[in-house]
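Undergrad: Sharing a structure with you now.
The values are calculated or read from the model by the stated rules, or taken from the named source; none is laboratory data. None of the values given here were measured: they were computed from a predicted structure. Counting neighbours? That spans all protein chains shown, and the Cβs are built from the backbone with ideal geometry, glycine included. Just so you know, the surface numbers come from the protein's heavy atoms only, side chains and all, with ligands and any DNA or RNA stripped out. Shrake-Rupley method; radii C 1.70, N 1.55, O 1.52, S 1.80 Å.
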Amino acid sequence: MPNNALSESFDNGTGALGSAWNVDTSTKGEVKLSGGGAALMEFASGKEAGHGYGTYTVTAKLDGNQPGPAILLWPGDDKWPGQEIDLAEITPDGSGRHYGTVHWNNGGSDAYTARVYDGVSGRSFHDYQLTWEPGRITFRVDGAEKGVVTDHVPADFDHGGMNNTIGFLNNNPNTSLTVSHVDFKPLGGGASAWAPPAGQAALQAAPAETGTPVVPAEASGPVDWAALAAEVMANYEATGSWFI
Ligand SMILES: [Ca+2]
């Protein structure tokens with residue numbers, strides 16, 4: 001599968017994202033994931049599935065101040081621990097802060113580095129953006145740079161590595177994730193023609209800054225999607241299908 005551009009407005013249900021579980025499509029133009037287990041994802045059918053180098057922009061609203069919602073790029077081969085890259089999750093410290101991560105398989109164990117999106121509040125729509133290019137992943141929110149990762153950046157399928165599929169999860173009854181648009185432009189494909197609708201994600205005049213790496217205090221517990229990913233894998237191994 002080529003590294004195709006994607007623009008999904010959710011005007012027709014879950015649209016281009018083919019694997020859905022407990023997704024509320026009752027509001028035209030958006031999808032909502034809430035409750036203890038909901039997921040929406042492109043099919044992770046192999047290393048060439050999904051997308052590679054380029055810019056991913058997701059207009060979404062995260063509600064809650066506990067881990068639960070995730071905007072993520074799941075490994076194309078559906079194997080975890082592995083090449084998971086997350087555009088947005090909520091920190092486990094009760095602050096309601098959002099952060100992005102780059103995961104890798106460290107000899108069979110999950111390892112990751114995170115960047116906290118300082119100054120970003122939940123309960124309103126933001127444009128969460130990730131640019132994946134050779135040796136560098138840049139996180140932005142509403143156009144403002146929030147962090148850069150240059151270690152453990154994977155190569156995409158076209159460059160000898162693996163692509164990732166776009167996905168959304170929510171696994172906490174106290175949180176929810178509402179997504180109104182997904183846009184992907186391959187690297188070198190030119191500027192995005194799509195602009196967020198007024199009122200959904202007003203650009204914020206936040207200063208550009210580099211996010212703070214999350215250090216072992218947050219790495220000591222089951223932060224992130226380890227438990228969920230294990231469940232995903234158990235289900236996948238049992239049924240051959242991706243679901244939580
Ligand atoms: Ca929409």
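Undergrad: Is at least one residue of the range 11-19 open to solvent by 10 Å² or more (accessible area, probe 1.4 Å) and charged (D, E, K, R)? Talk me through it step by step, then tell me what you get.
TA: Here is the first cut: in the range 11-19, the residues open to solvent by 10 Å² or more (accessible area, probe 1.4 Å) are 11-16, 18-19.
Subset that is charged (D, E, K, R): 11.
There is at least one residue in the range 11-19 that is open to solvent by 10 Å² or more (accessible area, probe 1.4 Å) and charged (D, E, K, R).
This table checks each residue for (1) open to solvent by 10 Å² or more (accessible area, probe 1.4 Å); (2) without any contact (Cβ under 8 Å) to a residue 24 or more places away in the chain; (3) away from the ligand (no atom under 16 Å from the Cβ).
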{"position": "84", "(1), (2), (3)": "no, no, yes"}
{"position": "126", "(1), (2), (3)": "no, no, no"}
{"position": "141", "(1), (2), (3)": "no, no, yes"}
{"position": "145", "(1), (2), (3)": "yes, no, yes"}
{"position": "169", "(1), (2), (3)": "no, no, yes"}
{"position": "178", "(1), (2), (3)": "no, no, no"}
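Undergrad: Mind checking which residues of the range 149-186 are part of a strand (DSSP E or B) and β-branched (Val, Ile, Thr)?
TA: If we filter the range 149-186 for residues that are part of a strand (DSSP E or B), which is where we start, we get 149, 164-170, 176-186.
Correct list: 149, 165, 166, 178, 179, 182.
Undergrad: List pairs: first residue in the range 90-104 and over 11 Å from residue 118 (Cα atoms) and modelled with pLDDT of 95 or more, second residue among the hydrophobic types (A, V, I, L, M, F, W, C) and in a loop (DSSP other than H, G, I, E, B) anywhere in the structure, Cβ distance under 7 angstrom, at least six positions apart or on different chains.
TA: Partner pairs satisfying both residue conditions: 102/153.
Undergrad: Which condition number in (1) outside any strand (DSSP E or B); (2) more than 16 Å from the ligand (Cβ to nearest atom); (3) surrounded by 19 or more Cβ atoms within 10 Å (Cβ to Cβ) is the one that residue 4 fails?
TA: (3)
Undergrad: Would you tally the residues in the range 20-59 being part of a loop (DSSP other than H, G, I, E, B), within 16 Å of the ligand (Cβ to nearest atom) and surrounded by fewer than 16 Cβ atoms within 10 Å (Cβ to Cβ)? Quick ask: steps written out before the conclusion?
TA: In the first step, residues of the range 20-59 are kept if they are part of a loop (DSSP other than H, G, I, E, B); the result is 22, 25-30, 35-37, 42-50, 52-53.
Imposing the further condition that a residue be within 16 Å of the ligand (Cβ to nearest atom) reduces the set to 25-30.
Okay, now just the ones that are also surrounded by fewer than 16 Cβ atoms within 10 Å (Cβ to Cβ), so 26-29.
So the answer is 4.
Undergrad: Next up: Considering only residues that are acidic (Asp, Glu) and either in a loop (DSSP other than H, G, I, E, B) or modelled with pLDDT under 95 (or both), which ones fall in the range 105-141? Steps first, please.
TA: Start the filter on the range 105-141 by keeping residues that are acidic (Asp, Glu), which leaves 110, 118, 127, 133.
Hits for the range 105-141 are 110, 118.
Undergrad: Additional query: List, please: which pairs have Cβ atoms under 8 Å, are six or more places apart or on different chains, and start with a residue in the range 9-32 that is among the aliphatic types (A, V, I, L, M) and end with one that is open to solvent by 40 Å² or more (accessible area, probe 1.4 Å)?
TA: 23/32; 31/24; 31/25
Undergrad: Of these, 45, 34, 19, 7, which one is modelled with pLDDT of 95 or more and farther than 24 Å from residue 139 by Cβ?
TA: Details: 45 fails: modelled with pLDDT of 95 or more; 19 fails: modelled with pLDDT of 95 or more; 7 fails: farther than 24 Å from residue 139 by Cβ.
It is 34.
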